[in-house]
1. Return the total of residues in the stretch 172-198 being farther than 22 Å from Phe249 by Cα, part of a loop (DSSP other than H, G, I, E, B) and either open to solvent by 20 Å² or more (accessible area, probe 1.4 Å) or without any contact (Cβ under 8 Å) to a residue 24 or more places away in the chain (or both).
2. Taking the stretch 23-46, which residues are acidic (Asp, Glu) and outside any helix (DSSP H, G or I)?
3. Between a residue in the stretch 234-253 that is among the hydrophobic types (A, V, I, L, M, F, W, C) and any residue that is assigned to a loop (DSSP other than H, G, I, E, B) and surrounded by 13 or more Cβ atoms within 10 Å (Cβ to Cβ), which pairs come within a Cβ distance under 6 Å, given they are 6 or more apart or on different chains?
4. Can you tell me which condition Glu109 does not meet? The list is (1) touching a residue at least 24 places away in the same chain (Cβ under 8 Å); (2) open to solvent by less than 50 Å² (accessible area, probe 1.4 Å), and all the others hold.
5. Residues to consider are Arg75, Arg102; find the one that is open to solvent by 50 Å² or more (accessible area, probe 1.4 Å) and within 23 Å of Asp138 (Cβ to Cβ).
6. Anything in the stretch 47-88 that is farther than 30 Å from His144 by Cα and assigned to a helix (DSSP H, G or I)? List them, or say none.
7. Would you pick out the residues in the stretch 24-52 that are surrounded by fewer than 16 Cβ atoms within 10 Å (Cβ to Cβ) and either closer than 25 Å to Val192 by Cβ or touching a Phe, Trp or Tyr at 6+ places or on another chain (Cβ under 6 Å) (or both)?
8. Which one of Leu126, Leu163 is part of a helix (DSSP H, G or I), touching a Lys or Arg at 6+ places or on another chain (Cβ under 9 Å) and in contact (Cβ under 8 Å) with a residue 40 or more places away in the chain?
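The values are calculated or read from the model by the stated rules, or taken from the named source; none is laboratory data. It should be emphasised that the depicted structure is a prediction, and the values quoted were computed from it without experimental measurement. Cβ atoms come from the backbone with ideal geometry, glycine included; neighbour counts cover every protein chain shown. Remember, those area values only see protein heavy atoms, side chains included, never the ligands or the DNA or RNA. Shrake-Rupley method; radii C 1.70, N 1.55, O 1.52, S 1.80 Å.
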Amino acid sequence: MGEHTGIEWTDATWNPVTGCTRVSVGCDNCYAFSLANRLLADVYRRRIPVVDSPSNRLDPFAVRLWPERLDEPIRWSNPRRVFVNSMSDLFHANIPDEFIIRTFRVMLEAPQHTYQVLTKRPARALRFIRKNPDLLVDGLLPAHVWIGTSVENESALFRVKQLRSLPARVRFLSCEPLLGALDVELSGIHWVIVGGESGLNHRPLDLDWVRSLRDQCLNAEVPFFFKQVGGRTPKSGGRMLDGREWDEFPAALPKPC
């Protein structure tokens, strides 16, 4: 686990936690939910969920902790970008603060990697950081720990304001799946990912929504990454926008290997 991933904007995934619950329409066709229920159900059901109940034991996507996976990045010698909890949300309410602290300690102990922590719960992330200032370096999360939030439509724009309040050197937005036009205040944001939805029930992407976000990023001098048009499969629609691929990363940091 973690050695390879098909996600274009990262090198590896690291899942010390699995499982989540829906919080907005961007979760409706969650790939992690589908993967947990199709291919990983037997593996996940062997682990007792954090909230232990008969229904959660049967639910492969109930939140579960995997402490034996915590030291994986320490064992990876080659630097890489690491998507933290691609199968969960590190700031889900069921995850104890103590386990989040352990996860951050690993990130601090293995600074050869760049960690991409993406959450739909930036309010809890902010509360957690304020309670644990010892995880900061000179008052901020270190540059190798990126913190981001998902923004799929206008209803989720409140997350951007919450993210901006987080003391981090690199903050990013994942507008995937993009489900509508967005007018985003990009001050304090250092990277924007945009992508269409994929899967049997994918919702269509209007490329004008993508162009608008690209232009907002260009005007604000914020790196812009277009992950995919989407469709029946992630590769169905390709990655081209107006004749080119947009795969910008924060300029001061290395691109994935």
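1. Here is the first cut: in the stretch 172-198, the ones farther than 22 Å from Phe249 by Cα are 179-181, 198.
Then drop every residue that is not part of a loop (DSSP other than H, G, I, E, B), which leaves 179-181.
Subsequent filtering for residues that are either open to solvent by 20 Å² or more (accessible area, probe 1.4 Å) or without any contact (Cβ under 8 Å) to a residue 24 or more places away in the chain (or both) retains 179, 181.
Result for the stretch 172-198: 2.
2. Within the stretch 23-46, the first condition is being acidic (Asp, Glu), and the residues that meet it are 28, 42.
Once the filter is applied, which keeps residues that are acidic (Asp, Glu) and outside any helix (DSSP H, G or I), the stretch 23-46 yields only Asp28.
3. Here the result reads Phe249/Pro223, each pair linking the stretch 234-253 to a residue that is assigned to a loop (DSSP other than H, G, I, E, B) and surrounded by 13 or more Cβ atoms within 10 Å (Cβ to Cβ).
4. All conditions pass for Glu109, except number (2).
5. On the way: Arg75 fails: within 23 Å of Asp138 (Cβ to Cβ).
Of Arg75, Arg102, the one residue that is open to solvent by 50 Å² or more (accessible area, probe 1.4 Å) and within 23 Å of Asp138 (Cβ to Cβ) is Arg102.
6. Narrowing the stretch 47-88 to residues farther than 30 Å from His144 by Cα: 47-49, 51-60.
Result: Pro54, Ser55, Asn56, Arg57, Leu58.
7. Those that are surrounded by fewer than 16 Cβ atoms within 10 Å (Cβ to Cβ) and either closer than 25 Å to Val192 by Cβ or touching a Phe, Trp or Tyr at 6+ places or on another chain (Cβ under 6 Å) (or both): Ser24, Val25, Asp28, Tyr31.
8. Numbers: Leu126 fails: touching a Lys or Arg at 6+ places or on another chain (Cβ under 9 Å).
Going through Leu126, Leu163 in turn, the sole match is Leu163.
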